[in-house]
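*Asks:* Just passing along the structure, written as structure tokens.
The values are calculated or read from the model by the stated rules, or taken from the named source; none is laboratory data. Please read these numbers as outputs of a predicted model, since none were measured by experiment. All Cβ positions, even for glycine, are placed from backbone atoms using ideal geometry, and neighbour counts span all protein chains on display. Quick note on the areas: whole protein, heavy atoms, side chains included, nothing else; ligands and nucleic acids left out. Shrake-Rupley method; radii C 1.70, N 1.55, O 1.52, S 1.80 Å.
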Amino acid sequence: MPTLGFREFRDKFAAQLAPCHRSLQFWVRAVDVYTTYKVCQFQAGLVKDAEKREAMWERQHKLAADKMYSLCSELGGLFLKAAQILGKPDLAPAAWVKRLVTLCDKAPATPISVIQKILEEELGQNFSDIFEQFDAEPLGSASIAQQVHRAKLRGLKTDVAIKVQHPGVQHLMMIDIHNLQAFALFLQMTDIKFDLFSLTKEVEKQVAYEFDFPREAAAMEKINKFFHDNNKKVPVLVPRVIPGMVTRKVFAMEFIDGIPIMNLGDEMAKRGIDPGGKFAALAKQKILKSLTLAYGQMILKNGFFHADPHPGNILICKGSEVALLDYGQVKGLPDSLRLGYAKLVLAMADSDPLMAKLSIEELGIKTLSTHADGDQELLMLARKMFDTKFPPGVTMISPFSEDSSLNKITVQRFPEELFSVLRTMQLLRGLSVGMRIYCSCAEQWRPIAEEVLYKAGRLRAEDLKAHKHGFFRRILRK
């Protein structure tokens, strides 16, 4: 008995220390990466030769990439989500992308015995009474909150996808987000002239939603209905919810068969198609067009959208159809922000600095410019944040670079509600850059933006520019 008591005390003590140990691990590694970059920045500033400076930065990026990979893979939790965001060719150096992209499919799996127990507890039936078949190996998923299994329910002909929450993960993720919030405040005060803290507060809300399956099921049904109500042919496929199979920890939906978008090039090569050839380019253009149309409709017309389009959530199906998975992170925009963003879309599409400035003010983004041509620089910053096509001469966003817009314009306040739009645009741009299809969402969304502003009484008929006649024909039919 004394031995058992000691073990209980030891386990309880270890559990109490775990958050402190996790936080310490984060801070030691984060400060290490930050310090090495600041040292490199100082040393590179003393070197006049451009090629030598470039070589110094390349070495630093490779060193930091290994450290970031170690941090994200070993700590897991929210840092796997961070790897998904940072591992984009438009946001991070090539060395980072090469290392972090391998984490897109590395979420730790919960043992099948634990999964079976959760399913029985949540659904109130024996496992064998519920499932005719259940794949023990989880489907490839980068989810930090749950894992997905393919299964066949008794009495149902088609296969289903079953999402089951990882036990104990939510507590770890809250520790992670609070550490990231503190680090964001530090960066905001020292290096990055952007309201990072507001962004991390919105991340905190979205992370909590990942653990609310009834909310996710309702969001999935709402978005699916919206697409079918507003299109003869839906731009993306949305899984159907299986009635009676949604609880706080378990969620069953239609199984959609397809190829993860990040494996598209390899799959083309297997089928004898040149991934860099004309046929592949046409297929990629169709895929990207479907995705951008879907997001334009969701954000501008519906004001309620899927806010997590990382590659792990996008499948390519037969005929280059696109399926959009995982509705744990969705966002609703109030009409004021939805219409304000529609105005910004027109400003970016028209390259109108004054309209961009007015739209940004209407959105509640507070900026301070130290640049002689502040309005033009603000338009460039808007494009970097809210469009998928970079301004001319820009290939990657780096807040530390000498010509960064954030060195010329300070973003003093950024509404939390807009973070999901910002993050969505960054992920869509990452897909665009990764597929080497460079297009502007603002230009593609102009007709949608004009339509919603016209219907809201914010745009006159004579001001309409895009697809004017087709737009009026649609109005007359209604």
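*Asks:* Filter the stretch 359-377 for residues that are part of a helix (DSSP H, G or I), buried (at least 16 other Cβ atoms within 10 Å of the Cβ) and modelled with pLDDT of 90 or more and give the result.
*Replies:* 359, 360 - these are the residues of the stretch 359-377 that are part of a helix (DSSP H, G or I), buried (at least 16 other Cβ atoms within 10 Å of the Cβ) and modelled with pLDDT of 90 or more.
*Asks:* Oh, and also: Among the residues of the stretch 261-270, how many are in contact with a strand residue (DSSP E or B) (Cβ under 6 Å, 6 or more places away or on another chain) and either charged (D, E, K, R) or closer than 15 Å to residue 236 by Cα (or both)?
*Replies:* Residues flagged as in contact with a strand residue (DSSP E or B) (Cβ under 6 Å, 6 or more places away or on another chain) and either charged (D, E, K, R) or closer than 15 Å to residue 236 by Cα (or both) within the stretch 261-270 amount to 2.
Every residue, every condition in (1) modelled with pLDDT of 90 or more; (2) among the β-branched types (Val, Ile, Thr); (3) touching a Ser or Thr at 6+ places or on another chain (Cβ under 8 Å), yes or no:
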position: 60; (1), (2), (3): yes, no, yes
position: 108; (1), (2), (3): no, no, no
position: 115; (1), (2), (3): yes, yes, no
position: 132; (1), (2), (3): yes, no, no
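*Asks:* Okay, next question. Tell me which strands (runs of 3 or more DSSP E) are completely within the stretch 270-336 and hold 1 or more residues being aromatic (Phe, Trp, Tyr) and under 17 Å from the mean Cα position of the chain (by Cα), or say none if there are none.
*Replies:* Of the strands (runs of 3 or more DSSP E) lying wholly inside the stretch 270-336, those with at least 1 residues that are aromatic (Phe, Trp, Tyr) and under 17 Å from the mean Cα position of the chain (by Cα) span 304-306.
*Asks:* Surrounded by 17 or more Cβ atoms within 10 Å (Cβ to Cβ) and either basic (Lys, Arg) or at pLDDT below 95 (or both), is that true of residue 267?
*Replies:* Here the answer is no, as residue 267 does not meet what is asked.
*Asks:* In the stretch 17-40, which residues are aromatic (Phe, Trp, Tyr) and either outside any helix (DSSP H, G or I) or surrounded by 14 or more Cβ atoms within 10 Å (Cβ to Cβ) (or both)?
*Replies:* Scanning the stretch 17-40 gives 26, 34, 37.
*Asks:* Here is a follow-up. When the stretch 243-264 is examined, which residues are found to be assigned to a strand (DSSP E or B) and surrounded by 12 or more Cβ atoms within 10 Å (Cβ to Cβ)?
*Replies:* 245, 246, 250, 251, 252, 253, 254, 259, 260
*Asks:* Additional query: Six or more apart or on different chains, Cβ atoms under 6 Å: show the pairs whose first residue is in the stretch 425-449 and among the hydroxyl-bearing types (Ser, Thr, Tyr) and whose second is outside any helix (DSSP H, G or I) and open to solvent by less than 30 Å² (accessible area, probe 1.4 Å).
*Replies:* As it stands, the answer is 432/388; 440/387, since those pairs meet every condition given.
*Asks:* I need a count of the residues in the stretch 395-420 that are in a helix (DSSP H, G or I), modelled with pLDDT of 80 or more and not aliphatic (A, V, I, L, M).
*Replies:* Residues that pass the stated criteria total 4.
*Asks:* Select from the stretch 145-174 the residues that are β-branched (Val, Ile, Thr) and either surrounded by fewer than 19 Cβ atoms within 10 Å (Cβ to Cβ) or touching a His at 6+ places or on another chain (Cβ under 8 Å) (or both) and list them in ascending order.
*Replies:* Correct list: 158, 162, 164.
*Asks:* Taking the stretch 436-467, which residues are aliphatic (A, V, I, L, M), open to solvent by 20 Å² or more (accessible area, probe 1.4 Å) and under 19 Å from the mean Cα position of the chain (by Cα)?
*Replies:* 437
*Asks:* Would you mention how many residues in the stretch 185-241 are in a helix (DSSP H, G or I), aliphatic (A, V, I, L, M) and open to solvent by 10 Å² or more (accessible area, probe 1.4 Å)?
*Replies:* Number of matching residues: 8.
*Asks:* In addition: Would you mind finding the one in 64, 55, 95, 30 that is closer than 25 Å to residue 191 by Cα, at pLDDT below 90 and of a type in the set (Gly, Ala, Ser)?
*Replies:* Residue meeting the stated conditions: 95.
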